[in-house]
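Inspection log for the structure reproduced underneath, given as structure tokens.
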Ligand SMILES: C[S@@+](CC[C@H](N)C(=O)[O-])C[C@H]1O[C@@H](n2cnc3c(N)ncnc32)[C@H](O)[C@@H]1O
């Protein structure tokens, strides 16, 4: 499982794109003022806090990363939210929640079918799950360009060839919808949208660090040892690529493809 603990302390500040994408997911999910809500893969808890401001119901935030949950408890622990370290694979709720909110997390689930079974059990009848996640292997062409430069680097290419991507990606909204339908859900909305925002190369690197780096720079996804030097050189090459991608105003046009899906547990 991917450990986000390394970036947990700076995650809330640097998660620009996760935050902006969450707004669209909130719009789609329409959390009611009495809903009990599970924030699945809640990270540093900043979006869980937003949920707690929307409902008087019970709000629970779970995440696989101890560091993320420590941050969430430190910053938002006093707001009546239950934060717990719990990988989705160990989720054990039955008929508790009206809504499951899952932002920028689903692509990390190694066994999405198992995750969806646990989510189905955790929801009440008519309960809704909403996910926003990177959609498709080329979910961020800017990152792909950066990693192609890594693959072409004589210093890094041999080690990078030993990297196996950890993400579960589907290429079409139909495939995502089928996955949810197979788990018993009725899909209400499924669409892969393109989002676009402009950032300096350094800010684009922070965005890379806030998600993708937890895969690309993670020992567990390499079948050879990787050193701190490798990680640092990798980030430098990605930064160089972002500088090359910047327009005449020095801004990188950062494009993401994201699946937005809302589904309901039928009666
Ligand atoms: C990019 S962060 C998103 C955090 C937050 N939802 C947000 O939108 O800001 C992805 C989160 O998914 C968590 N995660 C990854 N795999 C997980 C799993 N199997 N079970 C629960 N959480 C997981 C990570 O620890 C990390 O905090």
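The values are calculated or read from the model by the stated rules, or taken from the named source; none is laboratory data. In this text, all values refer to a predicted model and were calculated from it rather than measured experimentally. No Cβ is skipped: glycine too gets one built from the backbone with ideal geometry, and neighbour counts run over all protein chains shown.
For the reader, a short list of remarks on this structure follows.
- Residues satisfying the stated conditions in segment 188-235, i.e. surrounded by 15 or more Cβ atoms within 10 Å (Cβ to Cβ) and closer than 16 Å to residue 155 by Cβ: 216, 217, 222, 226, 230, 231, 233, 234, 235
- Annotation note: Cβ proximity below 8 Å between a residue of segment 41-70 that is farther than 19 Å from residue 85 by Cβ and a residue that is near the ligand (Cβ under 6 Å from one of its atoms) (sequence gap 6+ or interchain) occurs for 50/22.
- Extreme residue, farthest from the ligand (Cβ to nearest atom), among residues of segment 200-222 that are under 9 Å from residue 14 (Cβ atoms) and in a helix (DSSP H, G or I): 203
- Of the helices (runs of 4 or more DSSP H) lying entirely inside segment 1-66, the ones with 1 or more residues being surrounded by fewer than 17 Cβ atoms within 10 Å (Cβ to Cβ) and touching a strand residue (DSSP E or B) at 6+ places or on another chain (Cβ under 8 Å) are found at 16-29.
- Residues located in segment 67-89, provided they are within 12 Å of the ligand (Cβ to nearest atom), in a helix (DSSP H, G or I) and at pLDDT 95 or above: 67, 68, 69, 70, 71, 72, 88
- Selection status of residue 184, surrounded by fewer than 19 Cβ atoms within 10 Å (Cβ to Cβ) and within 14 Å of the ligand (Cβ to nearest atom): no
- Pick from segment 151-181, criterion in a loop (DSSP other than H, G, I, E, B) and without any contact (Cβ under 8 Å) to a residue 12 or more places away in the chain, ranking: surrounded by the fewest Cβ atoms within 10 Å (Cβ to Cβ): 154
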